[in-house]
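Working notes for the structure below.
The values are calculated or read from the model by the stated rules, or taken from the named source; none is laboratory data. These numbers were taken from a predicted model, which means no experiment stands behind them. Ideal geometry is used to build each Cβ from the backbone, glycine not excepted, and the neighbour counts take in all protein chains shown. In case anyone asks, the SASA skips ligands and DNA or RNA and just uses the protein heavy atoms, side chains included. Shrake-Rupley method; radii C 1.70, N 1.55, O 1.52, S 1.80 Å.
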Amino acid sequence: MSRLQAEHLYKVFGRRPDQAVRKLESGTDREELRADGTTAAVIDASFTVEPGQIFVVMGLSGSGKSTLLRMLNGLLDPTAGRVLFDGQDLTALSPRELRKVRSSKISMVFQHFALFPHRSVLDNAAYGLAVQGVPRAEREKRAAEALEMTGLAGWEKSWPDELSGGMQQRVGLARALATDADLLLMDESFSALDPLIRREMQSQLLELQKRLKKTIVFITHDLNEAMRLGDRIAVMRDGKIVQQGTAEDILVRPANDYVASFIQDVDRSRVLTAGSIMEQPEKGRSDEELLAEAPATVSAETPIAELFTPCSTSGVAVAVTDAQGDVIGVVPRNRLLAALGEEPRIETVLPAPRDVKKVTAGA
Ligand SMILES: Nc1ncnc2c1ncn2[C@@H]1O[C@H](COP(=O)(O)OP(=O)(O)OP(=O)(O)O)[C@@H](O)[C@H]1O
Ligand SMILES: [Mg+2]
């Protein structure tokens, strides 16, 4: 169980990167730097991923997502800032120590997983363990378990080209899981899959995560995917994290027009929850009464998509209860419909650039 922390990470490509960081810190625009051939790919990124959380980084092409991810596993050296994993400063390790941490604690899953065509599925899944020097018998056992977790039991002896694209991606995931690494870094891992398979993979990841409780950073272009998977989501634009929060934070309170433009196409009914739209029950009505007449009882975390059926068959409000079964609120039909149609509230007063850190850190 390991916490991952990024502290004021910068990555600048080009001439005099250190000087460029100082300029960025004092407010110089990234475009100005570009004029003399310097690319500020990541600018002052800070966040914490708690053990067991899926932290999603989303943004358009070129916004710096992959560069950020490569700094998290030490493949790229930050120009400034630190990466702490398990309390250990990865940026301060010797190349040898870093290789050790990388092979034992961190796994990456890419968009196009390069499987070895002349090795069996089992050998491919065991590859990370082979790199770690795990003896054959043990690595085959662990790889077989990982293949089972990703739904590939029975395919161990097959060759990669006998598998569909979706199954090959599962082998990639199995390879990452087999090593027992606490930190999974996933860069557009599902983006090349067709929509149905992609959804299936998302479900499987969520299912596995309930059990394995890894620390996961997941990169995607797709906001629906981000909202489905992310316990927290960071939105990147031009190298900066412009907002971070839960799916609901981002949907209900987008920090600026850029984020708002992303969320236009999101299926609000799957992100908003009963808890976020419920009303107080009428005064003077007991829990028993409310529960007896409600067409359904749900928890605060239930997506409102699941309230349509009960609300459509009854004029009476759905009851929202806590873990003890006490009524904490109600959702009447008109409230449900209103919540769907509501425009998100865009914070019209944008924080000054210097305040962004404070606003986003731990928000
Ligand atoms: N090695 C490099 N040298 C110079 N510039 C680079 C290098 N790697 C990335 N960049 C630049 O840094 C910026 C961020 O790139 P990055 O690949 O991190 O974006 P991304 O968000 O992952 O994009 P995509 O969604 O297309 O994968 C881009 O402008 C890119 O051209
Ligand atoms: Mg990328």
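For the pairs Lys210/Lys283; Lys65/Lys141; Lys141/Lys214, note any where the Cα-Cα span goes beyond 30 Å.
Details: Lys210/Lys283 38 Å; Lys65/Lys141 35 Å; Lys141/Lys214 21 Å.
Beyond 30 Å: Lys210/Lys283; Lys65/Lys141.
The mean sequence distance of close C-alpha pairs (under 8 Å, at least 6 residues apart), as a share of the length of region 148-256, puts its relative contact order at 19 percent.
In this structure the amide hydrogen of Ala80, modeled in the peptide plane, comes within under 5 Å of the amide hydrogens of Tyr10, none closer than 5 places in sequence on its chain. The solvent-accessible area of Val101, taken with every protein chain present and a 1.4 Å probe, is close to 10 Å². Among 268-274, 254-260, 232-238, 296-302, the peptide with the highest mean count of other Cβ atoms within 10 Å heads the list, and the full ranking is 232-238, 268-274, 254-260, 296-302.
Rounded to the nearest 20, the size of the Cβ-charge dipole of region 1-107 about its Cα centre is 440 debye, with Lys and Arg at +1 and Asp and Glu at -1.
With 0.36 nm allotted per residue and the present C-alpha distance subtracted, the Arg211-Glu293 stretch has 25.9 nm of extension available. Couplings 3J(HN,Hα) for region 16-33, derived from phi with the Karplus relation 6.51 cos²θ - 1.76 cosθ + 1.60 (θ = phi - 60°), are 6, x, 5, 5, 4, 4, 4, 5, 4, 4, 9, x, 5, 7, 4, 5, 4, 5 Hz, where x marks Gly and Pro. Phi angles across region 283-299 convert, under the Karplus curve 6.51 cos²θ - 1.76 cosθ + 1.60 with θ = phi - 60°, into 3J(HN,Hα) values of 5, x, 9, 7, 3, 4, 4, 4, 5, 5, 9, 4, x, 7, 10, 10, 9 Hz, Gly and Pro given as x.
Charge dipole of the chain (Cα centre as origin; +1 on each Lys and Arg Cβ, -1 on each Asp and Glu Cβ, all else neutral): 1420 debye, rounded to the nearest 20. Normalised by the number of residues in region 270-341, the average gap of Cα pairs under 8 Å and 6 or more apart makes the relative contact order 37 percent. The H on the amide N of Ser189, modeled in the peptide plane, is under 5 Å from the matching H of Ile219, each at least 5 residues off or on a different chain. Solvent exposure of His112, expressed as accessible area, is near 140 Å², computed with a probe of 1.4 Å over the protein chains only. Here's how it looks for Thr302: its modeled amide H is under 5 Å from those of Ala274, Gly275, which are all 5 or more places away or on a different chain.
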